1. Enumerate by residue number the trypsin sites (Lys or Arg not before Pro) in segment B:140-196 meeting two conditions: DSSP loop (anything except H, G, I, E, B), and at most 13 other Cβ atoms within 10 Å of the site's Cβ.
2. Can you give the extra length, in nm with one decimal, that the chain gains between B:V32 and B:I293 once fully stretched, where that is 0.36 nm per residue apart less the Cα-Cα distance?
3. How long are the three semi-axes of the equivalent ellipsoid of chain A, in whole Å, if each is the root of 5 times an eigenvalue of the C-alpha gyration tensor, listed from largest down?
4. Put +1 on the Cβ of each Lys and Arg and -1 on the Cβ of each Asp and Glu in the protein assembly as shown; which of A:G44, B:G282, B:V141 then has its Cα farthest toward the positive end of the dipole?
5. DSSP loop (so not H, G, I, E, B), at most 11 other Cβ within 10 Å: list which trypsin sites (Lys or Arg not before Pro) in segment A:147-242 pass both filters.
6. How large is the convex hull of the C-alpha atoms of segment A:2-237 per residue, in Å³?
7. Provide the three semi-axes, in whole Å and in decreasing order, of the ellipsoid equivalent to the protein assembly as shown as defined by the square roots of 5 times the Cα gyration tensor eigenvalues.
8. Could you tell me the distance between the Cα centroids of segment B:44-66 and segment B:142-204, to the nearest Å?
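Bear in mind these aren't lab numbers, they're just calculated from the coordinates by the rules spelled out. The shown structure was predicted, so the numbers you read here are calculated from the model rather than taken from an experiment. Cβ atoms come from the backbone with ideal geometry, glycine included; neighbour counts cover every protein chain shown.
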Amino acid sequence: MESNIMIEMRGITKHFGSVVANENVDLTVRRGEILSVLGENGSGKTSLMNMLAGIYFPDAGHIFVEGREVIIRSPKDAFDLGIGMIHQHFKLVDVLTAAENIILGLPGAMKLDMNQVKKDVQQLLDKYGFELNLDAKIYEMSVSQKQTVEIVKMLYRGAHILILDEPTAVLTPQETDKLFQVLRNMRAHGHSIIIITHKLNEVLSLSDRVSVLRKGAYVGTVNTCDATEMSLTEMMVGEKVVLDIERPDPVNPVMKLHVDDVTVYNREGREVLSHANFEAYTGEILGIAGIAGSGQKELLESIAGLQPHMTGKIHYRNRKGHIKELTEMSAQEIREIGIRLAFVPEDRLGMGLVASMGMTDNMMLRSYRKGHGLFARRKEPHDLAEHIKEELGVVTPSVDWPVGRMSGGNVQKVLVGREIASSPQVLMVAYPVRGLDINSSYQIYALLNEQKKKGSCVICVGEDLDVLLALCDRILVLADGRVSGVVDARTATKEEVGLLMTSEDKKEVQA
Amino acid sequence: MSAAVKEPLFHVVKRDGTSFGRSLLIRLAAIVLALIVCAVIIVLLTGMNPLSVYAALWNGAVGTSRRMWITFRDAAILLCIGFAVMPAFRMRFWNTGAEGQVLMGAAATAAMMIYGKALPSWLLYALCPLAGIAAGIIWGVIPAFFKAYWNTNETLFTLMLNYIATQLVAFCIIFWENPPGSNSVGLINSKGKIGWLPNLDRYGCVLPILIVLALAVLLYAYMRYTKQGYEVSVVGESENTAHYAGINVKRVIIRTMALCGAVAGIAGYLLASGVSHTISTGLVGGRGFTAIIVAWLGKLNPFSMMIVALGLVFMQKGSVEIAGQFNLNENASEIITGILLFFILGCEFFINYRLEFRKHEKEAVKA
């Protein structure tokens, strides 16, 4: 069985300053298997794999490839060993074609025979069952096609150990199935595949074995056939957790927000959201689903008064039942007419918070104008910061510690805590649990439900369809900047939503 | 398969926060190292005793009470110009136009002194700084306005305004030259010292120093405790966050550059009315750019900037002495300053990172 082991990592340790990314981690990968590396965000999955791919260099530990100890100093060393990693952010040149990207950086003869290259690549595609047009340019491609290019690029370089970092984060359910089929074909041809993930259902449906990391440390490896969703969660979290999300029924829903034919243009004048039309009610959670970049960000920003290039109207019903039009108002003007809109943007540190400031100063972002005179008051923000730290269990040395140096989950708690503190009438959150561990995620779901019960109108953009279907009352689906449907989350299925996410009739009209 | 098997000699590891004492120690070590390297270079190039060169340097900067006061005063002026770029840098607005803003402030002050001779002296005392401040504000707000409304590049814009300021002053000198034909202005109102900043002491150094110290306290409080200072920090960190918080970014850019211009105007006023009592195109003499070094080496903190400004002026004054005493030209001290700066800036790396060397004995591991 010795020769069956492709990669062995022994006692791998990596620190970043006082932050422990990996502590004494062991990992083995066998020939012709799919190994899942499972762990919550921040458990050190990606940094461990980056050490295999030559991005980081371990502080301590040994790596063996096919029984021989190796030192991997750079991605080139990793390539030479047949290790290829597909990162979450693709590393492709937009203006080149798929084939050109695949051979980019490879040595070759003086004269480039593109036809021969394409023939070789096509063989690879057929062998594993990829679907890809080699002459298409990267910028014309969907995320899933770009991912295919990345995988083929690694295979063409002779990689037989493939590492995929959260490959399904940006895919629809249908695309995910297709990817898994290809990965299974590759396994059948003797390749070893490591996928980094925190989604349990994928682990169970795809992999042969699962290695679990928790807080940088190695917890253990189990055969997938012996594992259940419950047992894996326990390994990941270290304790039993309840995986049910509460969904109270809406009480006296009243129309709160009416988005009427809103179109948003980007800087180049292209439509990124076209003719969006929907209503949101008090006491409900309206989910927004869609592939990343389908206009979710623009939709929320246009309601929050942060989109300068838009047409259409946004109506808001205040407590007395009067309808106000928010269109053309800036974030500040909306606040001045007494409308409490809270917004947790996708880009937490680039928009919602100031990374270099502490919690107190970040609380001030919403309240520093309060009070007369030249000087900003720090007392109330400081108290609020202490309160949020206590209430939500934010882990930080002090409320003056820069939020940019906190972990993602704590950053999100700070941001959500501040936004909820204003007791909003409309609460908009984008990807509220991205980067959070399971317990923090459930804490956030509970906070959203609490706002819903208070009668707020909650709008939640999410990426995990299972969660959206369990948490929301209705789900609005965006496809390529259009509202392709609104479904009842209590009755809809994942497949239905997935199909709406990819309905592309508009695209064909344009083409 | 050509696997690399050699471990690299060292790799770089990030430190997680360095204690104040440790970073101070690293900085001191850097300065000592710099002085040793300088000494070696002095011996190699000139064969002179480096200790006597250092002694001359010290002597030139603070050897007599007059020299010491002048060194302090010039450091204060440089610091003041540093204050004129600091708020902009906090906002990530790359203001390279302090040179021109100070010069315009000085020119406006000079104009006041020349044309306002007949005014009652209290009125002139009030008008001179106001004119300087107003001119500085105008020169600071022009690029800010273009940046805010048309997103022009502020670095180029402020840089080019420096040249326009120089040309404007050259033009004014044609009218103000005294004696005629000299192509220079000479001491303005040398009889009666009308409009001159009053002397509190023998060398006329105390008042400018006090003014700049007061500015330091005011600016520190402004940046740290006021609503406007808070807005500047937010805009500097991320314009998106500023929009999100409902901050009017255009207004903050213009307002902050007006503040910068005003401080530059005060520096110009101090130069024209308190130090040189004249105006020339070279009055600022590159201090508008040295001030950028002051601001950044001082990490944009008014009090750290004091130390940097003093250090730079100290080296500059000392160098003149070296040049005279040892028959070297001023470039010798430029070399010393350069080496010092290299080490001081370079030691930041060691404050933030440490090197991990290859372990020599590796325990044998078998696969």
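1. Working: sites: B:K147, B:K191, B:K193; in loops: B:K191, B:K193.
Listed in order of number, the matching sites are B:K191.
2. Working: separation 261, 0.36 × 261 = 93.96 nm, distance 2.09 nm.
Length difference between fully extended and current span is 91.9 nm.
3. On the way: eigenvalues 348, 161, 94 Å².
Working from the Cα gyration tensor, I get semi-axes of 42, 28, 22 Å.
4. B:G282
5. Numbers: sites: A:K153, A:R157, A:K178, A:R184, A:R187, A:K199, A:R209, A:R214, A:K215, A:K240; in loops: A:R157, A:K199, A:K215, A:K240.
Answer in residue order: A:K240.
6. Values: hull volume 30.6 nm³, N = 236.
It comes to 130 Å³ per residue, whole-number rounded.
7. Numbers: eigenvalues 669, 291, 130 Å².
Ellipsoid half-lengths, sorted descending, are 58, 38, 25 Å.
8. If we compute the Cα centre of each part, the gap is 35 Å.
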